[in-house]
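The values are calculated or read from the model by the stated rules, or taken from the named source; none is laboratory data. Predicted, not measured: the structure shown is a model, and the values here were computed from it. So basically every Cβ, Gly included, is an ideal-geometry build from the backbone, and we count neighbours across all protein chains shown. Note: areas computed on protein heavy atoms with side chains; ligands, DNA, RNA excluded. Shrake-Rupley method; radii C 1.70, N 1.55, O 1.52, S 1.80 Å.
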Amino acid sequence: MTSPAFIPEGNRVSNIDRFSGFQDLYDRYRPEAPGKVIDILTGYLGAKPRLVVDLGCGTGLSTFAWKEHAGRIIGMEPNEDMRGLAEQKRQMKPDAGHISFQSGYSNETGLPSGCTDIITCSQSFHWMEPSSSLREAARILREGGIFAAYDCDWPPSLHAGIEQAYHGLIQQAEDVLDQHVEEQDQARKWNKNEHLKNIQKCGLFHFAKEIVFHNMESCTADRYAGLAISQGGIQSVLRLGLSDLDAAIHDFRQQVEAYFGLEEKQVMFSYRMRIGIK
């Protein structure tokens with residue numbers, strides 16, 4: 001995996017490695033970027049973007065969504081496993097020649113100044129050092145270009161008992177990591193609730209706001225449970241070979257399966273998007 005010697009200041013190896021080894025699971029269960037993201041950002045831009053840069057693009061779930069809606073799209077992802085799967089998917093799409101994936105960091109993209117119309121961070125900005133990342137975003141955006149960080153509220157709205165169990169499972173995973181991994185070796189998250197304030201206070205954007213919306217998606221029991229199991233904290237515990245979560249994961253799956261049965265249900269995914277216009 002990536003060597004610490006090649007990690008720019010402000011980026012942690014642990015943040016990158018947190019997503020190693022479960023790219024297939026991640027890609028199977030995580031949501032694609034909703035169409036509303038494209039509608040909203042294109043509306044603010046006032047034209048079809050010539051270039052969209054998707055920072056922290058993972059397996060490309062948020063990158064391929066722009067395939068029909070931008071002249072060029074660059075997905076930037078430092079994790080080799082995630083980026084490798086994104087590239088495999090691209091090679092299977094004959095009409096995706098205008099999409100590319102490359103290694104890079106939110107605060108050191110290597111892209112030319114003023115080159116892009118839109119920058120997106122889908123479920124990823126909380127893994128990035130905000131000040132240096134926003135400076136880099138403003139550098140590569142053209143005048144009038146848009147920076148957008150959007151996140152899904154976890155878990156998707158379904159049932160009070162199941163959502164409480166989800167939160168309990170996630171917290172248990174974090175507690176296990178606290179017990180077994182030194183603090184300096186753990187991934188660092190920045191507060192999502194600070195995203196808009198960080199965009200506003202950096203002084204690099206003349207307009208900033210938060211936009212909230214939702215997207216309905218079909219879920220089975222396997223999909224909904226998989227959304228929880230695909231969270232980085234749980235995968236970090238499993239990758240350590242620890243069995244501390246085994247019983248809790250089993251119980252959560254059973255609870256979800258009892259609720260869904262064999263049915264497929266429409267589930268509400270709620271989103272918060274914070275934008276800054278240069």
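At-a-glance table
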{"item": "Residues (crowded, with 22+ Cβ neighbours inside 10 Å and either without any contact (Cβ under 8 Å) to a residue 60 or more places away in the chain or more than 22 Å from GLY232 (Cβ to Cβ) (or both)) located in segment 50-69", "result": "VAL52, VAL53, THR59, GLY60, THR63, TRP66"}
{"item": "Matching helices (runs of 4 or more DSSP H) fully within segment 207-278 where at least 3 residues are more than 22 Å from the chain's Cα centre (by Cα) and on the phi < 0 side of the Ramachandran plot", "result": "246-260"}
{"item": "Hits in segment 83-100 (condition: outside any helix (DSSP H, G or I) and open to solvent by 30 Å² or more (accessible area, probe 1.4 Å))", "result": "MET92, LYS93, PRO94, ASP95, GLY97, HIS98, SER100"}
{"item": "Out of THR116, THR120, sole residue that is touching a Cys at 6+ places or on another chain (Cβ under 9 Å), closer than 22 Å to ALA65 by Cβ and buried (at least 23 other Cβ atoms within 10 Å of the Cβ)", "result": "THR120"}
{"item": "Scan of segment 55-77 for residues that are under 13 Å from the mean Cα position of the chain (by Cα), assigned to a loop (DSSP other than H, G, I, E, B) and either farther than 16 Å from ARG28 by Cβ or among the hydroxyl-bearing types (Ser, Thr, Tyr) (or both), ordered by number", "result": "GLY56, CYS57, THR59, SER62, THR63, GLU77"}
{"item": "Subset of segment 243-261 that is open to solvent by 40 Å² or more (accessible area, probe 1.4 Å) and aliphatic (A, V, I, L, M) - its residue that is nearest to GLY168 (Cα to Cα)", "result": "ALA247"}
{"item": "Meets criteria (farther than 30 Å from PHE260 by Cα, of a type in the set (A, V, I, L, M, F, W, C) and in contact (Cβ under 8 Å) with a residue 12 or more places away in the chain) for LEU158", "result": "no"}
{"item": "Output for segment 186-197, where each listed residue is surrounded by 15 or more Cβ atoms within 10 Å (Cβ to Cβ) and not in a loop (DSSP other than H, G, I, E, B)", "result": "LYS192, HIS195, LEU196"}
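For (1) in a strand (DSSP E or B); (2) hydrophobic (A, V, I, L, M, F, W, C), each residue gets a yes or a no:
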site	(1), (2)
ILE118	yes, yes
ILE146	yes, yes
ASP151	yes, no
ALA173	no, yes
ILE199	no, yes
